[in-house]
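To start, the structure under review is shown below, and the notes come after it.
The values are calculated or read from the model by the stated rules, or taken from the named source; none is laboratory data. Keep in mind that what you see is a predicted model, and the values were worked out from it rather than measured. Quick reminder, even Gly has a Cβ in these numbers, built from the backbone with ideal geometry, and neighbours come from all protein chains shown.
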Amino acid sequence: MNRTLSILAALSFAAPALAASPMAMSAKPAQSAADKSAIISAMSAGPAAVGRNATIVVPDASGKMRVLRNGTNGFTCMPDDPSSPGADPMCADKAGMDWLDAYIAHKLPAKGKVGLIYMLAGGSDASNTDPYASKPANGHWIATGPHVMVVGADAAFYAAYPSGANPDTSVPYVMWAGTPYQHLMSPVK
Ligand SMILES: [Cu+2]
C-alpha cells in the first residue's frame, strides 16, 4: 500500500464518478504537461500492457480524483504520491479499487472480493502495523521495491506470511496484519 489519507480519500469518489458519468468518456480536454507526466507516472505502476488500457486518475488541488483518461481493461492507475518518499504509483483492478474505497471510508472491505494492485515502481509506507499512520513513528519509512498487492483475501491466506512492525520487504509479507486492511505485499524483483 501507499497513499496519504488525503489522496486515498479522493479515491472514494473515483469509482462512482466513472460509473455515472458518460460525459467523462467523451471529454477530451487538451492535456497539460503536468497531466502528461502524471499519466506516465501512473502507467509505470503496472505492466505496459495493463497501463496502456487503464483508466488514469489524479487528485486535484482539492483532493478530488480527476479522470485524465478513461480505460477499457478495468484497471485504474494513479501517479506517484508526492507526499511520501520515492515513486509510488498504483494500478488497481476493480476489486482493488473497492477495497481502497472501504479503507478510505473506515468501512469493512467486502468479504470474498479479492483484488490485485500493482506497484511496480515500488513504494514507501509510514507503518506496517497502523493502516492510518501518515508519518513514521520512528522517522523511517518502510521501503518496498517493485511489488504486487493482494487485498481482500481470507485471514488464513495472510496468516501464512510474516508480518510485524519491521518486515523484510525483499520477500512477501503482510502489511497491517490483523486489521481489516491487511494485505500481502509481494516483491516481483
Ligand atoms: Cu504497495
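Residues are listed down the side, and each one gets a yes or a no for (1) of a type in the set (S, T, Y); (2) within 14 Å of the ligand (Cβ to nearest atom); (3) free of Cβ contacts under 8 Å to residues at least 40 places away in the same chain:
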residue	(1), (2), (3)
A92	no, yes, yes
G112	no, no, no
G115	no, yes, yes
D125	no, yes, no
With the structure loaded, tell me whether A92 is surrounded by 19 or more Cβ atoms within 10 Å (Cβ to Cβ), at pLDDT 95 or above and under 23 Å from S134 (Cβ atoms) or whether it fails that test. yes
Between P85, P172, P187, which is in contact with a Phe, Trp or Tyr (Cβ under 8 Å, 6 or more places away or on another chain), closer than 22 Å to S41 by Cβ and surrounded by fewer than 19 Cβ atoms within 10 Å (Cβ to Cβ)? P85
Looking at segment 59-79 only, could you name the residues that are surrounded by 22 or more Cβ atoms within 10 Å (Cβ to Cβ), at pLDDT 85 or above and not hydroxyl-bearing (S, T, Y)? F75, C77, M78, P79
Return the total of residues in segment 136-172 being without any contact (Cβ under 8 Å) to a residue 40 or more places away in the chain and more than 11 Å from the ligand (Cβ to nearest atom). 24
Output yes when any residue across segment 150-163 is of a type outside the set (G, A, S), touching a helix residue (DSSP H, G or I) at 6+ places or on another chain (Cβ under 9 Å) and crowded, with 18+ Cβ neighbours inside 10 Å, and no when none is. yes
